[in-house]
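Since the structure comes first, as structure tokens, the remarks are kept for the end.
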Amino acid sequence: GDSYTDTLFWKDFYTQLADIGARTIGISGSHVDTWTSRVEDLALYNPKNIVVHIGVNDINRNRGTGEKVGESIVALLESIREMFPEAKIFYVSICHNKSNTSKWSEYDASNATVKEYIDRTQGLYYIDYASKLEEVKGTLQNGGFRSDNLHPSEQAYEIFSQLIVDEVRKANEA
């Protein structure tokens, strides 16, 4: 994924996701097409579960409308699914960050496009971080963001982590 999944920002990644044996290969500033061309690189990890968070930079840098970015995320998820048909694939939604309030409707459109696809595709799971953060942002310092107003605060990463751990566990218990 993007910088949200980079340990430069997600400092407690390995502690918070230790229970599910997670690894991250997040790249700050990456776009959907960064990962489209690197799906094969995931084979190194022999993944049973793959969690993806991408699209924020595409929208913020005007690389397409929310719907078009959502479609490119869907294509990425399809590529991952084709390469790893037995893996469970999770997509974490794009949240409303405070640095790009004018892009919120585009984030929502992207999330809707991806969710619609996931809802009709077996083996894919939608993790609705965006709704959860909206629900609790009033209780979090600076609404759950670092001083850059883009990246999650430590409190928000706790929520991000817990949602991922819960969803991965639930999908693997079924």
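The values are calculated or read from the model by the stated rules, or taken from the named source; none is laboratory data. None of these values were measured; they are calculated from a predicted model. Counting neighbours? That spans all protein chains shown, and the Cβs are built from the backbone with ideal geometry, glycine included. With ligands, DNA and RNA removed, areas are computed over all heavy atoms of the protein, side chains included. Shrake-Rupley method; radii C 1.70, N 1.55, O 1.52, S 1.80 Å.
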- Message: Sort 73-79, 167-173 by packing, meaning the average of other beta carbons within 10 Å per residue, with the highest value first.
- Response: 73-79, 167-173
- What ranking do 52-63, 14-25, 91-102, 144-155 get when scored by the average of other Cβ atoms within 10 Å per residue, highest first? 52-63, 91-102, 144-155, 14-25
- Task: Treat every Asp and Glu Cβ in the chain as -1 and every Lys and Arg Cβ as +1, leave all other atoms uncharged, and give the resulting dipole magnitude about the Cα centre to the nearest 20 debye.
- Result: 180
- Using a 1.4 Å probe over the heavy atoms of the protein chains, calculate the carbon and sulfur portion of the accessible area of the range 75-173 as a whole percent. 45
- Message: Compute the distance from the alpha-carbon center of the range 26-85 to that of the range 116-174, in whole Å.
- Response: 17
- Task: State the volume of the convex hull built on the alpha-carbon positions of the range 58-138, expressed per residue in Å³ and rounded to an integer.
- Result: 87
- Task: Over 30 Å between C-alpha atoms is what I'm after, so list which of K88/K132; K48/K98; K48/K103 land there.
- Result: K48/K98; K48/K103
- Note on the structure: Under the helix-only model (-39500 (n - 2.57) for each DSSP H run of 4 or more, divided by the residues of the chain), the mean residue ellipticity at 222 nm, to 500 deg cm²/dmol, is -13000 deg cm²/dmol
- Message: Taking the square root of 5 times each eigenvalue of the Cα gyration tensor, what semi-axes in Å does the equivalent ellipsoid of the chain have, largest first?
- Response: 23, 19, 15
- In square angstrom, what is the accessible area per residue of the chain with a 1.4 angstrom probe? 50
